[in-house]
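Here the structure is laid out as structure tokens; the discussion comes afterwards.
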Amino acid sequence: MIKRILILAVMFTCLTKVIAVTEDSVAVRLCQEAENAYTGTNGAFLNKEKALQLYIQAAERNYIPAIHKVAGFYYQGEVVEQSMKDYLSWLTKAAELGDAVAQNKVGVCYYNGEGTIQNIEKAEYWQLKAANQGNIHAMNNLRILYFNQDKIEESLKWTRMGAERGQIECQYELGGAYNNGKGVKEDKDQAAYWYKMAADNGHKSACNILAVIYHDEKDDYAQALYYLNKAAELGDENAFFNLGFTYEQGHGTEKDYTKAEEYYKKALKYDNSLTNSARYRLGVMYYEGRDGVKKDKKKGESLLKEAAKNGNEKAKKYLDEHKVKWTFTINGENVLHN
């Protein structure tokens, strides 16, 4: 009797699997028809409204790829009126079916109050669901969520988990934690390790900071130049000043004042902590002239004065030493200096 029950159980399991495969096959076919209608390929007429209806049919069979497609229509406002509420509703369906990607996105919606009122507890709930399934984007989101709640230990836990699994922002932030001793003991070697992981994955700020570490702490100018070039290619605005300085000083390369001028001028396009330093160094180059850089005292003075007025002490000292008068502002009034 027991043996017969077991056999029946096995037969029932097999039947269930056959039905599941059949249902899945139907959903796959519906999605393929939907894709053809959406793109007007494989002999189908271009009909995005029909595509959405076919995706909905597949989604109603709990086919997760189709659910994401339907959600996307509402997110983009394509064919239907844009609706973050409906976007969230469809994503929640996928999330409840156990899809980690949807769980993370639902968490983001609750965190940002998109399609619903903001609910940090629900955001945490869904992102934990996703992260515990290995979703690295959810790990990064939990890093942010806990950090903003001053739960540094929890934030660092998910930062490390994300970093170890290749999440680029987590790698960068873990490097920063070791670099600044935030939540962990300061460790420059660990900082360099995680910055390098992020840099090699294409994180532009990590490339620049890693280059500074190689330059200032390891005296490895060749590696510094390599990562500065990579940072500049990726568009990191701080890298342009650092490249200008590297070529001006000949660190890891031959001195090249033409390239230094080029990068300092690029640095001037941004408004950050290094912009004023670029004004000062470029001003000196123009004031004195360099090999490949034509001497232009007027242009040099202008840059030096601007740097001085913006608080650059080296520019102030340089102007004083060269007896150049310049003005600065007190309570909105220009005051003559020197």
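The values are calculated or read from the model by the stated rules, or taken from the named source; none is laboratory data. Just so you know, these numbers come straight off a predicted model, no measurement behind them. With ideal geometry, Cβ positions are generated from the backbone for all residues, glycine too; neighbour counts draw on all protein chains shown. Side chains are part of the model used for accessible areas, which takes the heavy atoms of the whole protein and leaves out ligands, DNA and RNA. Shrake-Rupley method; radii C 1.70, N 1.55, O 1.52, S 1.80 Å.
Translational D (Stokes-Einstein, µm²/s) of the chain at 20 °C and 1.002 mPa s when Rh comes from the Kirkwood sum over C-alpha pairs?
In µm²/s, the coefficient is 86.
Given a 1.4 angstrom probe, I'd like the percentage of the accessible area of the chain that is carbon and sulfur, rounded to a whole number.
For the chain, the apolar C and S fraction of the accessible surface comes to 49 percent.
Under the definition of Cα pairs under 8 Å and six or more residues apart, what whole-number percent is the relative contact order of segment 103-220?
It comes to 14 percent, rounded to a whole number.
Do you know the relative contact order of segment 167-219, to the nearest whole percent, from alpha carbon pairs under 8 angstrom that are 6+ apart?
The value is 30 percent.
In segment 111-191, which GluC sites (Glu not before Pro) are in a loop and have at most 13 other Cβ atoms within 10 Å, using DSSP for the loop call?
Here the sparse-neighbourhood loop sites are E186.
Using protein chains only and a probe of 1.4 angstrom, how many square angstrom of R165 are accessible, to the nearest 10?
Number for this one is 120 Å².
Count charges around Y38 for me, please; just the other residues with Cβ under 14 Å from its Cβ, Lys/Arg as +1, Asp/Glu as -1.
So the surrounding residues net to -1.
Give the relative contact order (percent, whole number) for the chain; include only Cα pairs under 8 Å separated by 6+ residues.
Worked out over the chain, it gives 5 percent.
Please give me, ordered by residue number, the trypsin sites (Lys or Arg not before Pro) of segment 235-277 that lie in loop per DSSP and have at most 13 other Cβ atoms within 10 Å.
Loop-located and lightly packed - K269.
Starting from 0.36 nm per residue, how many nanometres of slack lie between D271 and E186 once their C-alpha separation is accounted for?
Value of the extension gain: 27.6 nm.
Report, in degrees rounded to the nearest 10, the 0 to 90 angle that the Cα long axis of helix 237-249 makes with the longest principal axis of the chain.
It is inclined by approximately 40 degrees.
What distance in nm lies between label points placed 7 Å from Cα along the C-beta direction at N42 and Q149?
4.5
Round to a whole angstrom and tell me the spacing of the C-alpha centers of segment 151-227 and segment 56-79.
Cα centroid to Cα centroid, the span is 39 Å.
Taking the 0 to 90 degree range and rounding to the nearest ten, how far is the long axis of helix 100-112 tilted relative to the main principal axis of the chain, both from C-alpha atoms?
That works out to roughly 60 degrees.
For K69, list the lysines whose Cα falls under 26 Å from its own Cα; do not include residues on the same chain fewer than 8 positions away.
K17, K48, K50, K85, K93, K105, K122, K129
Would you please give the FRET efficiency between D220 and H322, computed as 1/(1 + (r/R0)^6) with r the Cβ-Cβ distance and R0 = 51 Å, to the nearest 0.05?
Calculated value: 0.90.
Looking only at G72, G40, G244, which one moves most when the chain is put into a Gaussian network model with springs between Cα atoms under 10 Å?
Its mean-square fluctuation being the largest, the pick is G40.
Compute the accessible area per residue over the chain, keeping the other protein chains in place, probe 1.4 Å, unit Å².
56
With a cut-off of at most 16 other beta carbons within 10 Å, and DSSP calling the residue loop, which chymotrypsin sites (Phe, Trp or Tyr not before Pro) in segment 254-298 qualify? Please list them.
In loop regions of segment 254-298 (DSSP not H, G, I, E or B), the sparsely surrounded chymotrypsin sites (Phe, Trp or Tyr not before Pro) are Y270.
Distance check, please: which entries in K218/K265; K230/K265; K297/K317; K151/K188; K269/K299; K188/K255 exceed 20 angstrom between their Cα atoms?
Flagged as over cut-off: K218/K265; K151/K188; K188/K255.
With the chain treated as a Gaussian network of Cα nodes joined by springs under 10 Å, which of G311, G252, G300 yields the largest mean-square fluctuation?
G311
Compute the acute angle (0 to 90°) between the alpha-carbon long axis of helix 152-164 and the principal axis of greatest extent of the alpha-carbon atoms of the chain; round to the nearest 10°.
Helix 152-164 and the main axis of the chain meet at about 80 degrees.
7 Å from Cα along Cα→Cβ at both K297 and N119: what's the point-to-point distance in nm?
The modelled label-to-label distance comes out at 7.3 nm.
Run the simple label-point estimate for D200 and N112 please: 7 Å along Cα→C-beta, distance reported in nm.
So the two model labels end up 3.2 nm from each other.
Given bins 5 angstrom wide, list per bin the percent of all Cα-Cα distances in segment 112-260, short to long.
Percent of Cα pairs in each bin: 2, 10, 16, 18, 15, 12, 10, 7, 5, 3, 2, 0.
Among V80, V70, V212, determine the one that fluctuates most according to a GNM of the chain built with springs between C-alpha atoms less than 10 Å apart.
Sorting by GNM fluctuation, first place goes to V80.
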